[in-house]
Amino acid sequence: MDQDSHCPAEREQLEAVSRITTFSTTSPSDEEQNQPKAEISCQVRKENPEKDELQDSNATLSPNSAMTTKELQEYWRNEKRQCRQVRLLFEIPSTRIVEHHLSRYVMYKIIVLQTGSFDSNKSVIERRYSDFEKLHRNLLEEFSEEMEDVTFPKKTLTGNFTEEIINERKLAFKDYLRLLYSMKYIRRSKKFIDFLTRPELQEAYGCLRGGQYSKALEILLEVIGLQERLTRGNPVSIVPTLCAIVVCHKDLENPASALEYGEKALSHLHVHTNHRYYIPLLETMITLAYELGKDFLSLQEKLEEWKAKKDPIRVFTLKELAVREYVQ
């Protein structure tokens, strides 16, 4: 009889110890098994963010190797912002009653804040009941299924200016905006974005056309932050506003600020060279860079390269394009 047959209990004990050792060194705990893969991935990023960013940059740098240093910096800033779980929070802290000729209405003050990261610049706008009502009608036309369970505060024949009704509507409109924003297709829709930005943009462009560049600039700088928050996945859509800011700064003889916003707009168009603002913006940037003693030759090369590929067509100046925006 061999040695193993003499010690069956000892052999079983050794096999049990081996199984325990193997399990403890190769198998994840129950808690880790139940943990979502995305959460585990986030933990790895937190533990070694520098290595992770380096690997990401090495993996994706090649397609963008033709970009300039500033364009790459802006690209990575946008990438990092999109990785954060950023949401918008709507508050309606106050109202005011407006007497206008023979009409009387309530203006609701809407504060838009960004969550998920520190946001020092809140956006403040005002809208009246009829503005909300128009938004609701427009959204029902396009998103009837999504809006099926969305309630809207009804009009009342009397008591619209009582404190009780106004407070009820403040809470109702706040919940209404939050609910609309929670639906992806609605918060990305032009109708929702226009509700939050179009009145201010119309006023700003009206000032620009009237030569009131300081007033136009003040409004544009207020609205651009909100536009950036609302159109995070579509940065090209804010190019007209950025270019209007460039025009205002340029006419107010602030070339350095004009160049700064122009670079930002140009970074959004590096793969959209057919955009109507691309060539007028390039021409303006060349002028600004030359005036400030900056590198304008690389911009000139881009302009010449574009002209060599395209048939000669009439191109508006940046200012001519800007004054045509939001013309009724």
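The values are calculated or read from the model by the stated rules, or taken from the named source; none is laboratory data. Every value quoted in this text rests on a predicted model; they were computed, and no experiment measured them. Note: ideal-geometry Cβ built from the backbone for every residue, glycine included; neighbour counts use all protein chains shown. The area values use the complete protein model at the heavy-atom level, side chains included, leaving out ligands, DNA and RNA. Shrake-Rupley method; radii C 1.70, N 1.55, O 1.52, S 1.80 Å.
A few notes on this one:
Results for (1) touching a strand residue (DSSP E or B) at 6+ places or on another chain (Cβ under 7 Å); (2) among the small types (Gly, Ala, Ser); (3) in the same structural domain as residue 250 (by the TED database); (4) modelled with pLDDT under 95, shown as yes or no for each residue.
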| residue | (1), (2), (3), (4) |
| --- | --- |
| 154 | no, no, no, yes |
| 164 | no, no, no, yes |
| 203 | no, no, yes, no |
| 211 | no, yes, yes, no |
| 214 | no, yes, yes, no |
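- Residue that is surrounded by 14 or more Cβ atoms within 10 Å (Cβ to Cβ), in contact (Cβ under 8 Å) with a residue 24 or more places away in the chain and in contact with a Gly (Cβ under 9 Å, 6 or more places away or on another chain), where the choices are 188, 178: 188
- Considering segment 243-287, and only residues there that are charged (D, E, K, R) and touching a residue at least 12 places away in the same chain (Cβ under 8 Å), the residue that is farthest from residue 68 (Cα to Cα) turns out to be 251.
Condition check ((1) over 26 Å from residue 228 (Cβ atoms); (2) open to solvent by 80 Å² or more (accessible area, probe 1.4 Å); (3) out of contact with any Leu (no Cβ under 6 Å at 6 or more places or on another chain); (4) in contact (Cβ under 8 Å) with a residue 12 or more places away in the chain) across all residues:
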residue: 103; (1), (2), (3), (4): yes, no, yes, no
residue: 106; (1), (2), (3), (4): yes, no, yes, yes
residue: 122; (1), (2), (3), (4): no, yes, no, no
residue: 126; (1), (2), (3), (4): no, no, yes, yes
residue: 133; (1), (2), (3), (4): yes, no, yes, yes
residue: 138; (1), (2), (3), (4): no, no, yes, yes
residue: 141; (1), (2), (3), (4): yes, yes, yes, no
residue: 149; (1), (2), (3), (4): yes, yes, yes, no
residue: 157; (1), (2), (3), (4): yes, yes, yes, no
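- Residue in segment 270-311 that is least open to solvent (accessible area, probe 1.4 Å), counting only those that are among the aromatic types (Phe, Trp, Tyr) and either part of a loop (DSSP other than H, G, I, E, B) or in contact with a helix residue (DSSP H, G or I) (Cβ under 7 Å, 6 or more places away or on another chain) (or both): 277
- Residue count, segment 316-326 (criterion: open to solvent by 50 Å² or more (accessible area, probe 1.4 Å) and touching a residue at least 12 places away in the same chain (Cβ under 8 Å)): 5
- Of the residues in segment 156-175, not one is aromatic (Phe, Trp, Tyr), assigned to a helix (DSSP H, G or I) and under 30 Å from residue 262 (Cβ atoms).
- Leading residue by the ranking (most open to solvent (accessible area, probe 1.4 Å)) among those in segment 202-226 that are touching a residue at least 60 places away in the same chain (Cβ under 8 Å) and under 25 Å from the mean Cα position of the chain (by Cα): 222
- Any hit, segment 143-150, residues being within 26 Å of residue 238 (Cβ to Cβ) and out of contact with any Cys (no Cβ under 9 Å at 6 or more places or on another chain): yes
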